């Protein structure tokens, strides 16, 4: 049976919402500027590190230009309230919080392009860019929740609350059917993880024994059983994900 269509699930958040991101020792603050399919969101993120979740009236002076970081991210922790919603911006205007351009490369060609995403975070226009111009703009991609926390923790001089890289692994003997994708860069592995999640898999990033590709993405099936034909079909999709984000697909296994 096919899983639920994430694009049809009713969201518990909407553009214009302020939210808090728990970090070690306090909270960062985010403003949700756009939402798209598969929980894709655009957030403006702010410091300083606050000792408690702020009240809505404390955020009224913050503007887009004050943000430490602006990026697309997976809204799972907004959906399950692990990142608490503070309230809606009382003078919310989406034109005051634009979608910023991003740089893109296919990791095969040295050429860069600048992408301008529409409000749905899916359609875009692009143009060629020089390496010097691209260097000043964020990479294209959708960050996982843990990556957002790690990035904000680094910007604010603290740590993320989740530090166990093996926390998402199932107990021995209960492994689901899964695929192996290796990456040399953790940020690329995070992007590939969100792409695999959008395809219906449960991703987990763990250390790899390969020094050249130290980040192993396990793309786990939600069902505990899968036929060889289903695994081969999934392998084609996930091999494309690995290639898109500069990684290497290295096969699959499943319990007997």
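The values are calculated or read from the model by the stated rules, or taken from the named source; none is laboratory data. Worth saying up front: this structure is predicted, and the values here are computed from it rather than measured. Cβ coordinates were reconstructed from backbone atoms using ideal geometry, including for glycine residues, and neighbour counts include every protein chain displayed.
Taking the listed residues 202, 229, 236, the one that is surrounded by 14 or more Cβ atoms within 10 Å (Cβ to Cβ) and over 13 Å from residue 183 (Cβ atoms) is 202, with no other qualifying.
Conditions tested, residue by residue: (1) touching a helix residue (DSSP H, G or I) at 6+ places or on another chain (Cβ under 6 Å); (2) within 24 Å of residue 191 (Cβ to Cβ); (3) surrounded by fewer than 14 Cβ atoms within 10 Å (Cβ to Cβ); (4) at pLDDT below 95.
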| position | (1), (2), (3), (4) |
| --- | --- |
| 7 | yes, yes, yes, yes |
| 22 | no, yes, no, yes |
| 30 | no, yes, no, no |
| 40 | no, yes, no, yes |
| 91 | no, no, yes, yes |
| 94 | no, no, yes, yes |
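Residue-level analysis places residue 81 among those that are loosely packed, with under 12 Cβ neighbours inside 10 Å and in a loop (DSSP other than H, G, I, E, B).
Take the conditions (1) within 30 Å of residue 22 (Cα to Cα); (2) touching a strand residue (DSSP E or B) at 6+ places or on another chain (Cβ under 7 Å); residue 96 misses just one of them, which is (2).
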